[in-house]
Amino acid sequence: MEHTTGCFYCDNCEPLFSLMTEICTLKASRVFLFRDQKNPGRCVVQYKDHKTELFQLTREERADFMDDVAAVAQAIWKLYGPQKINYATYGDGVPHLHVHVVPKTEGGVSWGGPFSDTLPKVYLSPEAEQAAVQALRTELTKQA
């Protein structure tokens, strides 16, 4: 699909799918498995409509979105068993409201600091990626 709006989340175009694989749609968001799995289970929760800031959402929309973020974190927690989950919202380079949900393990990648996309990337085999997507989808469906 051609990149037309300037937002790869809204355009659903190749740059989006080169970085992540869609898992499912929740009440207020779409959920993706980040292809670079140096932090196993890392996901991105993208707000369903084009917004760039949390304050642009109504109180109800914000609550629904944060409920989705919490559901994804809980699914990651159950499936991957991290010691901590980090939540990151940036958007300077990708101006669409989204949260990186990044599991961290003590002694693991970036423990004690922010996650980094500058470290060497870790990609799963296509089969392992699909298994991770399916496991997260199944866990999120149980929570619904």
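The values are calculated or read from the model by the stated rules, or taken from the named source; none is laboratory data. In this text, all values refer to a predicted model and were calculated from it rather than measured experimentally. With ideal geometry, Cβ positions are generated from the backbone for all residues, glycine too; neighbour counts draw on all protein chains shown. Accessible surface is based on the protein model in full, side chains and every heavy atom, while ligands, DNA and RNA are left aside. Shrake-Rupley method; radii C 1.70, N 1.55, O 1.52, S 1.80 Å.
Quick notes on this one:
- Cα→Cβ-extended label distance, 7 Å offset, between THR138 and ARG59, nm: 4.0 nm
- Dipole magnitude (debye, nearest 20) for the chain, charges at Cβ of Lys, Arg, Asp, Glu: 460 debye
- By accessible area with a 1.4 Å probe, ligands and nucleic acids excluded, highest first: order of CYS24, CYS13: CYS24, CYS13
- Rounded D (µm²/s) - the chain, Kirkwood Rh over Cα pairs, Stokes-Einstein at 4 °C, 1.567 mPa s: 83 µm²/s
- Sites SER110 and ASP67 - FRET efficiency at Förster radius 25 Å, r taken between beta-carbons, to 0.05: 0.40
- For the range 37-59 versus the range 107-134, the gap between their alpha-carbon centres in whole angstrom: 18 Å
- Taking 0.36 nm per residue of sequence separation and removing the Cα-Cα distance, the ASP117/ASP92 pair yields an extension gain of 7.5 nm.
- On a per residue basis, the chain carries 54 Å² of accessible surface, using protein heavy atoms and a 1.4 Å probe.
- For the pair ARG35 and ASP49, the difference between a 0.36 nm per residue extended length and the Cα-Cα distance amounts to 2.8 nm.
- Förster-model FRET efficiency, 41 Å R0, CYS13 and GLN83, C-beta, rounded to 0.05: 0.70
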